[in-house]
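S.K.: The structure's right below; bear with me while I get my questions together.
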Amino acid sequence: MKPIKGSIVAMVTPFKEDESVDFERLEQTIEYQIKNGTDGILVLGTTGESTTMTHEEDDEVARFTIEKVNGRIPVIVGAGSNSTQTQLEKSIKYSKMGADALLLISPYYNKANTQGMIRHFTVCADAVDCPVILYNIPGRTGCSISEEVVKVLSKHPNICGIKEASGNISYATSIARYLSDDFAMYSGNDDMITSLLSIGASGVISVLSNILPKQTHDMVSLFHEGKVKESLQLQLKYLDVIHALFCEVNPIPVKEAMRLMDMSVGGYRLPLCEMAPENQKRLHKALKEAGLCE
């Protein structure tokens, strides 16, 4: 599979009141995304709260999503772990399920030296039939995928891209030199979509797309069509909403935004919990001013 171009939603995992996965609402969320032009779906990412779910729940969410999407758009499944062996087992499992690609994170907490980081990704990419996307988010993992590691891994035939969520435009520009028809970059920050597109990114893996799938898709497609000004206008139009969606740790604000927009997907699992009142007011204000809720 060639790298996906466009907007890939980093999709929430809906929960019922008893905190079990709400598969009925998950199906509704999938259909809403497809109907509104999302170019790909990522499940079991940061926004999907997989870190608080069991391996069995992860498997069911992945299987359910792949079956319901049924090839209409690509499905990327988060299979990352700080244990390379666990990541390998999940990667093989989701590849056999029919995932179109896998998202693999750098080894948080234990970290790794350069060779360890390369091998952490390579052993998984070597073992699966579907492409692999690297996930660089040092703010959560405590370690960055260095430029040297990206240079090596960008040449691997089964590694098709990187989700770049460091927020560091200098780093993003440095690794942009390794982009090709076979290795893409995706913005992992919704406030930097047009910035990364301008240095060669293929799209975004987006939290914003949970509530604005069409607009996020349009932001990317307009840029690729050469309508840079129109793309930037969308980026700036929703900038206050984007900032409000990250005024607390993701995915707390986006789930609250979906509730305010009558698209409730339930609550959270500890240690995630409800927003602080002042942040909830900020989010509500930004959504209201953007015409997204009453």
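S.K.: Could you grab me the full set of residues in the stretch 219-246 that are surrounded by fewer than 19 Cβ atoms within 10 Å (Cβ to Cβ) and under 24 Å from HIS284 (Cα atoms)? Lay out the reasoning, then the answer.
M.R.: Initially, the stretch 219-246 is screened for residues surrounded by fewer than 19 Cβ atoms within 10 Å (Cβ to Cβ), giving 221, 224-230, 232-233, 236-237, 239-240, 243, 246.
LEU232, GLN233, LEU236, LYS237, LEU239, ASP240, HIS243, PHE246 - these are the residues of the stretch 219-246 that are surrounded by fewer than 19 Cβ atoms within 10 Å (Cβ to Cβ) and under 24 Å from HIS284 (Cα atoms).
S.K.: Moving to a separate point now. Being at pLDDT 95 or above, within 19 Å of LYS16 (Cβ to Cβ) and open to solvent by 20 Å² or more (accessible area, probe 1.4 Å) is the requirement here; does MET263 meet it? Steps first, answer last, please.
M.R.: On the way: at pLDDT 95 or above: yes; within 19 Å of LYS16 (Cβ to Cβ): yes; open to solvent by 20 Å² or more (accessible area, probe 1.4 Å): yes.
For MET263, the condition - at pLDDT 95 or above, within 19 Å of LYS16 (Cβ to Cβ) and open to solvent by 20 Å² or more (accessible area, probe 1.4 Å) - is met.
S.K.: Would you say VAL254 is under 21 Å from ILE30 (Cβ atoms) and either among the aliphatic types (A, V, I, L, M) or more than 20 Å from the chain's Cα centre (by Cα) (or both)?
M.R.: In short, yes.
S.K.: Hey, could you check the stretch 194-218 for residues that are polar (S, T, N, Q) and open to solvent by 10 Å² or more (accessible area, probe 1.4 Å) and say which is nearest to THR38 (Cα to Cα)?
M.R.: GLN215
S.K.: Would you call ALA165 out of contact with any Phe, Trp or Tyr (no Cβ under 8 Å at 6 or more places or on another chain) and either among the hydrophobic types (A, V, I, L, M, F, W, C) or surrounded by fewer than 18 Cβ atoms within 10 Å (Cβ to Cβ) (or both)?
M.R.: So ALA165 fails the test.
S.K.: Could you tell me whether any residue of the stretch 169-185 is over 25 Å from CYS247 (Cα atoms), among the acidic types (Asp, Glu), free of Cβ contacts under 8 Å to residues at least 24 places away in the same chain and open to solvent by 10 Å² or more (accessible area, probe 1.4 Å)?
M.R.: No, every residue in the stretch 169-185 fails to be over 25 Å from CYS247 (Cα atoms), among the acidic types (Asp, Glu), free of Cβ contacts under 8 Å to residues at least 24 places away in the same chain and open to solvent by 10 Å² or more (accessible area, probe 1.4 Å).
S.K.: Would you check if SER221 is closer than 22 Å to THR38 by Cβ, touching a Pro at 6+ places or on another chain (Cβ under 7 Å) and in contact (Cβ under 8 Å) with a residue 60 or more places away in the chain?
M.R.: Numbers: closer than 22 Å to THR38 by Cβ: yes; touching a Pro at 6+ places or on another chain (Cβ under 7 Å): no; in contact (Cβ under 8 Å) with a residue 60 or more places away in the chain: yes.
When the stated conditions are applied, SER221 does not pass them.
S.K.: Please tell me if LYS35 is open to solvent by 10 Å² or more (accessible area, probe 1.4 Å), basic (Lys, Arg) and closer than 20 Å to SER264 by Cα.
M.R.: yes
S.K.: Condition first: under 14 Å from VAL241 (Cα atoms) and either aliphatic (A, V, I, L, M) or without any contact (Cβ under 8 Å) to a residue 24 or more places away in the chain (or both). Now tell me which residues in the stretch 196-216 satisfy that.
M.R.: Initial filter on the stretch 196-216 (under 14 Å from VAL241 (Cα atoms)): 206-213, 215-216.
VAL207, LEU208, ILE211, LEU212, GLN215 - these are the residues of the stretch 196-216 that are under 14 Å from VAL241 (Cα atoms) and either aliphatic (A, V, I, L, M) or without any contact (Cβ under 8 Å) to a residue 24 or more places away in the chain (or both).
S.K.: Right, something else. For the stretch 52-99, which positions are small (Gly, Ala, Ser) and either open to solvent by 40 Å² or more (accessible area, probe 1.4 Å) or touching a Cys at 6+ places or on another chain (Cβ under 6 Å) (or both)?
M.R.: Passing the criteria: GLY71, SER83, SER91, SER95, ALA99.
S.K.: I would also like to ask the following. Considering only the stretch 198-211, how many residues are small (Gly, Ala, Ser) and not in a loop (DSSP other than H, G, I, E, B)?
M.R.: So the count comes out to 3.
The values are calculated or read from the model by the stated rules, or taken from the named source; none is laboratory data. All values derive from a computational prediction rather than experimental measurement. Quick reminder, even Gly has a Cβ in these numbers, built from the backbone with ideal geometry, and neighbours come from all protein chains shown. Surface areas here come from the heavy atoms of the whole protein model, side chains and all, with no ligands, DNA or RNA. Shrake-Rupley method; radii C 1.70, N 1.55, O 1.52, S 1.80 Å.
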